[in-house]
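Here the structure comes first, spelled out in structure tokens, and everything after it is commentary.
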Amino acid sequence: MLTGSIFLDLTIIFVAVAILAFFAKMFKQPLIPVYIITGILLVPVFNILHNDAFVSAISQFGIVFLLFIAGLELDFTRLKNVTKVSILGGSILVGLLFALGFAVSKAFGFTSISSVYMGLVLSFSSTMVIVKLLSDKNELDSLHGKIGLGLLIVQDVFAIVAFILLSSYQDFSIGRLGWLALIIVAILGGVYLLSKFVFPKLFKFVAESQELLLITAIALCLFFASLFGFFISAEALGIGAFIAGLALANLPYNLEIISRISPLKDFFAMLFFISLGMLLPLTQLSSLLVPTIVFLVLIIMAKPLITFFLVKAFGYMPRVSFLTAISQSQVSEFALILAFFGIATKQISQDLFASIVIIAIVTIALTSYLTQHRNIIFSKLKRPFSPFVKTGREMSLAYLPKTFRKKFVLLVGYDRLGFSILETLKKLKDIPVVVDFNPEVIQQLREDKVNCVYGDVTDSDLLDNLHLKECKLIISTVPDMQASALLIRRFKEINKRGFIFLTSETVDGALKLYKEGADYVIIPRYVGGKHLSLMVKKAKFNVKEIMKNKLENLHELQRRQEHVTRHR
């Protein structure tokens with residue numbers, strides 16, 4: 001009977017979410033709010049599902065698998081150029097937000113422990129939501145993606161420390177706190193040693209079978225989740241899964257694991273967000289209405305604003321700072337885990353728990369819309385905020401010596417595609433000028449005596465300083481539709497004879513850019529396929545030709561690797 005009940009519940013969930021998702025697709029709406037609304041309709045509104053144990057189980061599995069995959073995708077090598085802003089900036093951000101949340105809670109008359117919980121709610125952003133949104137937009141390797149992930153890692157470390165402290169709050173003693181800290185350190189130390197010496201050898205063998213790879217990865221995820229659940233608390237399952245993901249993140253097989261688990265990720269992501277909607281306590285919406293609204297405003301507006309100015313203070317462009325900041329405007333799953341722990345140990349009231357759940361639902365749902373319309377929001381806010389964000393650093397970081405001559409080629413974006421293009425321009429004896437909004441990249445180029453300017457091409461002042469009338473060709477490797485369209489308009493107004501080559505991730509985007517006036521649009525994945533086709537046509541299974549191409553490719557890759565290593 002129980003099996004039949006679970007089967008029926010799953011059927012209802014999938015049918016309901018499929019119907020709502022269909023309409024969301026029709027009206028071009030993001031799916032995360034759809035999942036949450038489905039949960040709200042099924043339990044708090046219509047009370048269709050009655051199996052509380054089932055709702056709790058899918059919520060736990062959702063958190064465990066999503067945090068495991070979030071950990072897998074947090075590859076530390078991505079953060080090599082943003083270490084300072086990640087560690088120092090992330091620590092300052094957590095401190096500022098916690099102090100703000102604690103002070104506001106005390107002003108509402110909350111107890112000290114309740115104020116601590118609300119401070120933590122404000123301090124942490126959602127790893128799994130941000131990773132999912134960045135992954136969906138293929139922006140995990142973008143500069144704002146790297147900074148956002150760096151801030152998340154620091155927040156997650158603070159979340160684990162907070163969990164240890166709160167676990168020892170009721171029967172606090174130095175001995176208990178030390179014991180909990182010892183357990184955490186022992187587990188983390190064990191995970192580090194396993195990831196360094198055991199997992200590489202284990203997964204080298206396991207990777208020979210894709211099925212075994214998937215099973216082993218899931219087994220490790222559940223094992224570490226259970227380890228934390230047994231030794232720390234049932235609410236710590238997600239933390240264990242997250243650490244398991246981190247342990248596997250730097251293995252050479254992590255992309256294969258992610259690709260194999262990806263269908264599970266989508267399934268459990270859906271279940272988690274649905275279960276979040278199911279938890280909405282409609283009967284308790286009015287008890288803490290004013291504090292709930294105030295914290296919603298703090299998370300949606302004040303938190304991104306503080307993040308923006310903090311990232312900007314580390315020397316990053318307004319656009320990068322804004323894109324990083326807007327992704328942080330939601331409550332973390334770690335805050336939810338802490339709230340579940342707080343209600344289980346009676347450290348917080350049912351009303352406060354309800355408030356935290358409501359804040360989580362609203363902010364997570366809104367993040368999808370804010371991310372979808374971020375370019376419009378940025379363009380609206382850019383002018384009013386411009387007096388507060390101009391630092392004068394843009395041209396001070398430039399390297400444009402007096403030998404800089406007319407008829408130059410402007411290369412927008414240096415990472416990935418830009419490296420090869422710059423090398424080609426040098427061979428052709430062209431005069432390249434690189435524009436990039438990563439100060440570390442500009443510093444590298446300055447050391448190499450390459451003409452370069454630190455800045456964002458959507459900044460009209462920067463374009464004015466570049467004397468585009470003398471530019472014969474612009475090549476942009478940045479697949480940003482708004483930036484590309486703006487660049488076309490400004491360049492064609494100033495220079496009728498110059499050419500402009502742009503980059504797009506999609507065919508639709510490329511066609512739109514051609515309509516705007518682009519002379520050529522690169523779609524990286526199609527260029528790769530075209531290049532491979534030409535190689536096959538040229539080589540015609542000739543061993544010498546294939547070996548020649550192989551050696552050239554190896555030489556190119558080694559040069560890239562040496563270049564990256566030299567500037568680390």
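The values are calculated or read from the model by the stated rules, or taken from the named source; none is laboratory data. Model, not experiment: these values are computed from the prediction. Every residue, glycine among them, receives a Cβ derived from its backbone with ideal geometry; neighbour counts consider all protein chains shown.
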Please verify whether region 72-80 includes one or more residues that are at pLDDT below 80, part of a helix (DSSP H, G or I), buried (at least 20 other Cβ atoms within 10 Å of the Cβ) and assigned by TED's automatic domain parsing to the domain that holds G145. yes
Here is a list: S327, S321, S286, S332. Which entry is among the small types (G, A, S), in the same structural domain as L152 (by TED's automatic domain parsing) and surrounded by fewer than 19 Cβ atoms within 10 Å (Cβ to Cβ)? S286
Which residue, of E256, E211, E235, is of a type in the set (D, E) and either in contact with a Leu (Cβ under 6 Å, 6 or more places away or on another chain) or surrounded by 23 or more Cβ atoms within 10 Å (Cβ to Cβ) (or both)? E235
Answer yes or no as to whether I183 is in the same structural domain as F268 (by TED's automatic domain parsing), modelled with pLDDT under 85, hydrophobic (A, V, I, L, M, F, W, C) and surrounded by 15 or more Cβ atoms within 10 Å (Cβ to Cβ). yes
Among the residues of region 440-449, are any within 16 Å of I475 (Cα to Cα) and either basic (K, R) or out of contact with any Ser or Thr (no Cβ under 7 Å at 6 or more places or on another chain) (or both)? no
So, in region 1-25, exactly how many residues are within 18 Å of M278 (Cα to Cα) and either free of Cβ contacts under 8 Å to residues at least 12 places away in the same chain or assigned by TED's automatic domain parsing to the domain that holds T367 (or both)? 8
Of these, F205, F273, F230, which one is surrounded by 14 or more Cβ atoms within 10 Å (Cβ to Cβ), in the same structural domain as L79 (by TED's automatic domain parsing) and among the aromatic types (F, W, Y)? F273
Matching helices (runs of 4 or more DSSP H) fully within region 192-264 where at least 1 residues are closer than 30 Å to G342 by Cβ and at pLDDT 90 or above: 210-231, 237-249
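Rundown of residues vs (1) farther than 23 Å from I36 by Cα; (2) among the hydrophobic types (A, V, I, L, M, F, W, C); (3) in contact (Cβ under 8 Å) with a residue 12 or more places away in the chain, yes/no style:
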| site | (1), (2), (3) |
| --- | --- |
| D266 | no, no, no |
| L271 | no, yes, yes |
| I274 | no, yes, yes |
| L288 | no, yes, yes |
| V311 | yes, yes, yes |
| Y316 | yes, no, yes |
| R319 | yes, no, yes |
| T324 | yes, no, yes |
Considering residues of region 505-533 that are touching a strand residue (DSSP E or B) at 6+ places or on another chain (Cβ under 6 Å) and over 25 Å from D464 (Cα atoms) only, the residue surrounded by the most Cβ atoms within 10 Å (Cβ to Cβ): A510
Residue list for region 26-63, restricted to those being within 23 Å of the chain's Cα centre (by Cα) and outside the structural domain of A360 (by TED's automatic domain parsing): K28, Q29, P30, L31, I32, P33, V34, Y35, I36
Only one of V478, V543, V457 is crowded, with 17+ Cβ neighbours inside 10 Å, at pLDDT below 85 and not assigned by TED's automatic domain parsing to the domain that holds G315, namely V457
Of the criteria (1) touching a residue at least 60 places away in the same chain (Cβ under 8 Å); (2) crowded, with 19+ Cβ neighbours inside 10 Å, which one N250 fails: (2)
Every listed condition ((1) closer than 22 Å to D436 by Cα; (2) of a type in the set (S, T, Y); (3) over 23 Å from the mean Cα position of the chain (by Cα)) holds for S504 save (3)
Output the number of the condition that T216 fails; it satisfies all remaining conditions of (1) surrounded by fewer than 18 Cβ atoms within 10 Å (Cβ to Cβ); (2) on the phi < 0 side of the Ramachandran plot. (1)
Do we find that V450 is surrounded by 15 or more Cβ atoms within 10 Å (Cβ to Cβ) and in a loop (DSSP other than H, G, I, E, B) in this structure? yes
Please find, among F308, F353, F341, the residue that is in a helix (DSSP H, G or I), out of contact with any strand residue (DSSP E or B) (no Cβ under 9 Å at 6 or more places or on another chain) and either surrounded by 23 or more Cβ atoms within 10 Å (Cβ to Cβ) or outside the structural domain of F273 (by TED's automatic domain parsing) (or both). F308
List, please: which pairs have Cβ atoms under 9 Å, are six or more places apart or on different chains, and start with a residue in region 28-56 that is in a helix (DSSP H, G or I) and end with one that is basic (K, R)? L31/K25; I32/K132
Keeping to region 424-438, report how many residues are outside any loop (DSSP other than H, G, I, E, B) and surrounded by 19 or more Cβ atoms within 10 Å (Cβ to Cβ). 6
Do we have G498 as touching a residue at least 12 places away in the same chain (Cβ under 8 Å), within 24 Å of the chain's Cα centre (by Cα) and over 26 Å from V82 (Cβ atoms) here? no
Of all residues in region 119-135 being among the polar types (S, T, N, Q) and farther than 19 Å from G342 by Cα, which is modelled with the lowest pLDDT? S135
Is it the case that some residue within region 89-107 is farther than 18 Å from V331 by Cβ, under 15 Å from the mean Cα position of the chain (by Cα) and surrounded by 18 or more Cβ atoms within 10 Å (Cβ to Cβ)? no
L66 within 21 Å of the chain's Cα centre (by Cα) and of a type outside the set (V, I, T): yes
In this structure, does G498 turn out to be small (G, A, S), surrounded by 15 or more Cβ atoms within 10 Å (Cβ to Cβ) and modelled with pLDDT of 90 or more? yes
Of the conditions (1) at pLDDT 70 or above; (2) basic (K, R); (3) not in a helix (DSSP H, G or I), the single one that K402 does not satisfy is (1)
Sort out for me the helices (runs of 4 or more DSSP H) sitting completely within region 459-555 that have 1 or more residues that are among the acidic types (D, E) and under 14 Å from L410 (Cβ atoms). 460-465
Checking the condition in contact with a Cys (Cβ under 7 Å, 6 or more places away or on another chain) and of a type outside the set (A, V, I, L, M, F, W, C), which residue from G529, G498 passes? G498
